[in-house]
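Just so you know, all these numbers are worked out from the coordinates, no wet-lab data involved. On a predicted model such as this, the values are computed, not experimentally measured, just so you know. No Cβ is skipped: glycine too gets one built from the backbone with ideal geometry, and neighbour counts run over all protein chains shown.
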């Protein structure tokens, strides 16, 4: 009897250890990812110079005197992200308020299904759709070539809608019902209650959703690669083509020789991207922790 | 005077509510136009020859048969590598983990992994599996890389499914003398199965839609693979290559339409599984 018990206990322990090892996979993946990308990318900082790499404005990896300045890509990533947020946030918060406050069940179900579908559409389809519709529209309206930062901003805005809507809606729903009741009882209208009570109370969740949206916009590659023209210069207006960090990482990879300077510059670009994403992730975790602390 | 003010408030109320309705309507219209556009432009080109023929002259002509099959291989292998590990990780995190620094760190890493752009996953696969392990651009490399890409989704959905299983189920089994693992294996997991399946369906969607990570790991072979070390293309990657190189618009639209239809089917099955799980646990309204 005690022998089977002992065996059983041993078996339980073995299973727990196995499960623990599986749980560690994510940690191993992140750590390895960081080490490998830094190992391949750091040489460009020493061989070309940190300041020249980050603040250089010329990217000409195959020129006789090769230049590896990625400032245009950093600025483009920043601009296209801001643009997408400016377009997406009002629309997304509107949808979140609609879902949490106003929709009848049947209409809400339609919108929910639409958002779920939107979240599932592959980025290459977004890129293709934008290339065939948004780019020609921009070409006609503004009389420019069409492939542009604006096209990238619009399609990114559409792509990040589901993230912002879903998380903002959850945040709005989490506001205690007393808040709303008290405001309505004081004579505020429904809209005044939404605007002055519910949205401020759900602030940290809404900000989290926006930061997550920013992360998705910064990380997107294929869709922007198809519609932005990918020229490595600082665009003078949003109607001009430009290249993001993600696109810079992937574009020249096929002919970069491992260990060479171009190769290292591409991984150096990836380091900058990686650091941006990690900073955003940390911001989200800080906001969440603060909100948890405040609400107990 | 008071009336005037009331009128103003009422107008304001109407105006802002109108904006809210408009944003909901715009969102629905956007989704319908994207899906509608792709289907309308693509479906007429989706013929039975297109679905059953080989790719010829890099996709300019011919069909997508080998690409569909290779995509299925990619999905199968990706899930094979990822599902067991992710489900076990989720079981550890929800059922076993006690509060502590290490567990917090594991959770932090899992969350961070979810936020990493696919191009970074691609570089990782390219470096670790492609160069260090010598897999190069191959089906095997692509599958392992997407297996890591879908891990955070699978872990999160499995955790959510496990959490919805009422504690009374566990207590009942433990009280009958079952060990903790036996309880999980025989009671908790079967109750959470629909939720886990919905996570698997979502992950299949991610594998099918993935492009950037595969661009750097799977390669661009157009032939039906006969072993895992050969390079291949998934549907999404094929579409990307057709579009970016301006090859055959007809075939590009048709490929996009096939891709959208597969995604729609997966989406529906994911929500079906979620619905069944809720129904099983008596949570449907």
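List the pair-distance distribution P(r) of the range A:146-264, using every Cα-Cα distance, as the percent of pairs falling in each 10 Å bin from 0 up to the bin containing the longest distance, rounded to whole percents.
13, 28, 22, 18, 12, 6, 2
Starting from the Cα of residue A:133, step 7 Å toward the Cβ, then list every residue of the range A:81-117 with an amide N under 17 Å from that point.
From the range A:81-117, the list is A:88, A:114-117.
Specify the residue with the greatest mean-square fluctuation among B:174, B:218, B:272, computed from a Gaussian network of chain B linking alpha-carbon atoms under 10 Å apart.
In the Gaussian network model the winner is B:174.
With the Cα gyration tensor of the range A:5-67 in hand, convert its eigenvalues to equivalent ellipsoid semi-axes via √(5λ) and list them largest first in whole Å.
Working: eigenvalues 518, 15, 12 Å².
So the three semi-axes of the range A:5-67 are 51, 9, 8 Å.
Hey, what does the equivalent ellipsoid look like for the range B:124-241, semi-axes from the Cα gyration tensor as sqrt of 5 times each eigenvalue, largest first, whole Å? If you can, show how the numbers build up before the last one.
Details: eigenvalues 298, 44, 25 Å².
Whole-Å semi-axes of the equivalent ellipsoid: 39, 15, 11.
Taking every residue in B:210-221, how many Cβ atoms of other protein chains lie within 10 Å of its Cβ, on average? Could you put the intermediate results ahead of the total?
Numbers: counts 4, 10, 12, 1, 0, 6, 4, 0, 0, 0, 1, 0.
So the per-residue partner count for this stretch is 3.
For A:222, A:253, A:286, B:193, what's the fewest-to-most ordering of other Cβ within 10 Å of each Cβ? If you can, show how the numbers build up before the last one.
On the way: A:222 29, A:253 18, A:286 12, B:193 15.
By the 10 Å Cβ count, ascending, the order reads A:286, B:193, A:253, A:222.
Rg and Dmax of the range A:115-154, Cα atoms, in Å?
Expressed in Å, the Cα Rg and Dmax of the range A:115-154 come to 11.4, 35.
Can you pull the mean other chain C-beta count within 10 Å for peptide A:14-20?
Details: counts 1, 10, 6, 1, 2, 13, 9.
Partner Cβ neighbours, averaged per residue: 6.
Can you give me the Kirkwood hydrodynamic radius for the protein assembly as shown, using every pair of distinct Cα atoms, in Å to one decimal?
Numbers: mean 1/r = 0.0391 Å⁻¹.
Taking the inverse mean of 1/r over all distinct Cα pairs, the protein assembly as shown comes out at 25.6 Å.
Could you compute the FRET efficiency for residue B:180 and residue A:184, with r as their C-beta to C-beta distance and R0 at 45 Å, rounded to 0.05? Each step should come with its number before you reach the end.
Values: r = 49 Å, r/R0 = 1.08.
So the FRET efficiency works out to roughly 0.40.
Please order B:169, B:124, B:197 by the number of other Cβ within 10 Å, starting at the fewest. Intermediate results must be reported in sequence, preceding the final value.
On the way: B:169 16, B:124 26, B:197 19.
Ascending Cβ contact count within 10 Å gives the list B:169, B:197, B:124.
In square nanometres, what is the average projected area of the Cα convex hull of the range A:139-196? Don't skip to the end; give the middle numbers.
Working: hull surface 24.5 nm².
Mean projected area for the range A:139-196: 6.1 nm², to one decimal.
Quick check: convex hull of the Cα atoms in the range B:2-45, volume per residue, rounded to a whole Å³? Kindly include the intermediate steps, with their values, before the conclusion.
Details: hull volume 1.7 nm³, N = 44.
Dividing the Cα hull volume of the range B:2-45 by its residue count gives 39 Å³.
For q values of 0.10 Å⁻¹, compute log₁₀ I(q)/I(0) with the Debye formula on a Cα-only model of the range B:25-173, without solvent.
For the requested q values the scattering log ratios are -0.59.
Quickly work out the residue B:280-to-residue A:293 label distance, labels modelled 7 Å from Cα along the C-beta direction, and quote it in nm with one decimal.
Computed distance between label sites residue A:293 and residue B:280 equals 4.1 nm.
I'd like the mean, over residues of A:102-115, of how many other protein chain beta carbons sit within 10 Å of each residue's own Cβ.
On the way: counts 4, 3, 0, 1, 0, 4, 1, 0, 2, 5, 1, 5, 8, 4.
That average works out to 3.
Rank the residues B:194, B:57, B:269, B:234 as a footprinting-exposure proxy: fewest other Cβ atoms within 10 Å of their Cβ go first. The partial results should precede the final answer.
Details: B:194 20, B:57 10, B:269 17, B:234 29.
By the 10 Å Cβ count, ascending, the order reads B:57, B:269, B:194, B:234.
How many nm separate the modelled label positions at residue B:104 and residue A:50, each set 7 Å beyond the Cα in the direction of the Cβ?
Reported label-point gap for residue B:104 and residue A:50 is 3.0 nm.
Pop a pseudo-label 7 angstrom from the Cα along the beta-carbon direction at both residue A:14 and residue B:245 and give the gap in nm to one decimal.
5.2
What's the Cα-based Rg to Rh of the range B:171-222, Rh via Kirkwood?
Looking at the range B:171-222, the ratio lands at 1.35.
Please state the equivalent ellipsoid semi-axes for chain A: what are the square roots of 5 times the Cα gyration tensor eigenvalues, largest first, in whole Å? Intermediate values should be presented prior to the final figure.
Numbers: eigenvalues 293, 222, 64 Å².
The answer is 38, 33, 18 Å, longest axis first.
Which shape class, rounded, prolate or oblate, goes with the range B:48-280 when its Cα gyration tensor gives a ≥ b ≥ c as root eigenvalues, a/c under 1.5 marks rounded, and past that a/b bigger than b/c marks prolate? Write down the numbers at each step before the final one.
Values: a/c = 2.72, a/b = 1.85, b/c = 1.47.
Note, shape of the range B:48-280 comes out prolate.
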